[in-house]
Amino acid sequence: MKIKDIKVAVLCIEGTNCEQESYDAFRRLGANPEFVHLKQFLNIDCNADETRDILGYHCLMIPGGFSAGDYIRAGAIFAARIKSQLQEQLKEFVKQEHPILGVCNGFQVLTELGLLPGFDEIIRPVPDACLYLNDSNRFECRPTLLKHENQSTCVFTSKIPRNDIRLIPSAHAEGKLLFPLDKQERYLKLLEKNDQIVFRYVDPNGNYAGYPWNPNGSPMNIAGICNPQGTVFGMMPHPERTYYKYQHPNWTRTGLGEDNIGDGQAIFESVIAYISKKL
């Protein structure tokens, strides 16, 4: 498949943001992204020519923001609205190994949907995980350093060398990945065993460290995970915000280099390469 034929749905509702940056990241690589409001998938309050079928896309991205005001829990209302009418289509989307990316609020939505961590079912009836309040009990907006630890599973990081450290900014109030207390230790071991841990927060020396390098207190410094198949990926930091080198806070000291490629660009390149090869 030619890259220009790859259709990406950037899914939005009230309160999402960074959808433009997400759209631009795919568009700059030559793909064919489209803003899709959830109502278009649900066939609500739109004309017949405005309705969309989730299975008509090759990739789904849920961007950051504060969907539905983050009432109840971050991402909970967005997830409930998807699950209420799109659950079977979403299962089929994942069965067909189409990739899904959730960034920040999108990661929260993926856990609330029961798509992540995805140990034994595509969508769990009751979520196995949540993104809880940061240990600081406040919104944290700061550059974060991520160490890529996935060996080969995640289709969104195939172009990032293992153990590579990337500067990708975080901006969230609820980013602490938690599991049920009686299952947490077992689930964390499962994530490691299944090669589902994609990124971990580190300090400038590449060591696992606490606050502020880990901005939320997430156990094992986890910043992003994927499902066992590697096609559903959620991360709290924002790769679309460092698509170019000049978006890095330290670019005036380090320079732009010859290519001006930012640390987040490879995530979008990786999934485009996966789709191109798959189809």
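A cut-off of 5 Å between modelled amide H atoms, ignoring neighbours fewer than 5 places along the same chain, links Ala223 with Phe199, Arg200, Tyr201. Determine the distance separating the Cα centre of segment 126-179 from the Cα centre of segment 59-115; give it in Å without decimals. The distance from the Cα centre of segment 126-179 to that of segment 59-115 comes to 17 Å. Ranked by the mean number of other Cβ atoms within 10 Å of their residues, highest first, the peptides 51-60, 261-270 come out as 261-270, 51-60.
Across segment 61-69, computed HN-Hα scalar couplings (Karplus, 6.51 cos²θ - 1.76 cosθ + 1.60, θ = phi - 60°) run 10, 10, x, x, x, 9, 4, 6, x Hz from first to last residue, x flagging Gly and Pro.
Please say if segment 1-123 is rounded, prolate or oblate, where rounded means a/c under 1.5 for a ≥ b ≥ c the square roots of the C-alpha gyration tensor eigenvalues, and otherwise the choice is prolate for a/b larger than b/c and oblate otherwise? Judged from the Cα gyration tensor, segment 1-123 comes out rounded (a/c under 1.5). When the pairs Lys83/Lys159; Lys147/Lys183; Lys159/Lys277; Lys83/Lys277; Lys193/Lys277 are compared against a 23 Å limit on Cα-Cα distance, Lys83/Lys159; Lys147/Lys183; Lys83/Lys277; Lys193/Lys277 fall above it. Is the C-alpha gyration tensor of segment 114-158 telling us rounded, prolate or oblate? Criteria: a/c under 1.5 is rounded; beyond that, a/b larger than b/c is prolate, otherwise oblate. Taking the square roots of the gyration eigenvalues as a ≥ b ≥ c, segment 114-158 is oblate. Our summary gives the chain a relative contact order of 19 percent, counting only alpha carbon pairs under 8 angstrom and 6 or more residues apart.
Rg and Dmax of segment 3-278, both derived from C-alpha coordinates alone, stand at 17.4, 55 Å.
Only four residue types carry charge here, +1 at the Cβ of Lys and Arg and -1 at the Cβ of Asp and Glu. Report the dipole size of the chain about the Cα centre in Debye, rounded to the nearest 20. Write down the numbers at each step before the final one.
Working: 30 positive and 33 negative charges, 91 e Å.
For this selection, approximately 440 debye.
Absence of a disulfide-compatible partner, taken as no other cysteine beta carbon within less than 4.7 angstrom, is noted in the chain for Cys12, Cys18, Cys46, Cys59, Cys104, Cys130, Cys141.
Using the Cα gyration tensor of segment 1-55, with a ≥ b ≥ c the square roots of its eigenvalues, what is the shape: rounded (a/c below 1.5), prolate (a/b larger than b/c) or oblate (neither)? Verdict is oblate for segment 1-55.
Packing order of peptides 7-14, 249-256, highest average first: 7-14, 249-256 (average count of other Cβ atoms within 10 Å over each peptide's residues).
Each value in this text was obtained by applying a stated rule to the coordinates, not by laboratory testing. As the structure is a prediction and not an experimental result, all values here were calculated from the model. A quick note on method: Cβ atoms are made from the backbone with ideal geometry, for glycine too, and the neighbour counts reach across all protein chains shown.
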